[in-house]
Amino acid sequence: MAENSENEMLNAICREAKAEGKLSGKNLTNLYELFGQRFTKALETLKENRVKKYLFKPSGRTVWIVVGLERDYLIMCQAEFCTCDDFYFRVLDRKVHLCYHLIAQKIARNLAWYETFEENDELYETLMNEWKKPTP
Ligand SMILES: [Zn+2]
């Protein structure tokens, strides 16, 4: 359905961008047509380098975070899940599948446009609790 195709199209564009090592003009146009304002916000996020990857050692667990204006958002990429309200309400309404954090994270991951932080496994629970907190 529409939700799937949105995701599939994003994946296809990401594959192309990864092969090229950049977002081409055509990629940008397609992404904007696909996501509109959500892509504009995702692009801002990427330009401001707000996608972070946390690598926990020694387990090797990874967690993706998108730093937002008021809080950080936790992205579960396998589940294509985000902790933002936008994601929560829109998915409940079945309006759209991907929030701009997920769009930004996918592009960042494919183009290596992210910062990596290494943390000790001992901090995993503490940080996860912090990231999972609902919006105040
Ligand atoms: Zn989100």
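None of the figures in this text is laboratory data; all of them are computed from the coordinates on show. Please read these numbers as outputs of a predicted model, since none were measured by experiment. Don't worry about glycine lacking a Cβ; one is built from the backbone with ideal geometry, like all the others, and counts go over all protein chains shown.
Taking amide H positions as modeled 1.01 Å from N, with prolines and chain starts lacking one, the residues under 5 Å from residue 81 and 5 or more places away or on another chain are 76.
Cross-link partners for residue 52 among the aspartates and glutamates, with Cα-Cα distance under 12 Å and sequence neighbours closer than 8 places in the same chain left out: 72, 115, 118. Axis angle, to the nearest 10 degrees, between helix 25-35 and the longest C-alpha principal axis of the chain: 80 degrees.
What the Kirkwood sum gives for the chain is a hydrodynamic radius of 15.4 Å, with every pair of different alpha carbons counted.
Here the relative contact order of the chain, from alpha carbon pairs under 8 Å that lie six or more residues apart, stands at 29 percent. When you filter the trypsin sites (Lys or Arg not before Pro) in the range 1-46 for DSSP loop state and at most 14 other Cβ atoms inside 10 Å of their Cβ, you are left with 22.
The fewest-to-most ranking of 46, 98, 55 by surrounding Cβ atoms within 10 Å reads 55, 46, 98. Panel order for 114, 124, 73, by other beta carbons found within 10 Å of each beta carbon, from fewest to most: 124, 114, 73. The phi torsions of the range 43-60, fed into the Karplus equation with coefficients 6.51, -1.76 and 1.60 and a -60° offset, translate into couplings of 5, 4, 4, 5, 5, 8, 6, 9, 9, 10, 10, 9, 10, 8, 10, x, 5, x Hz, rounded to whole numbers, with Gly and Pro shown as x.
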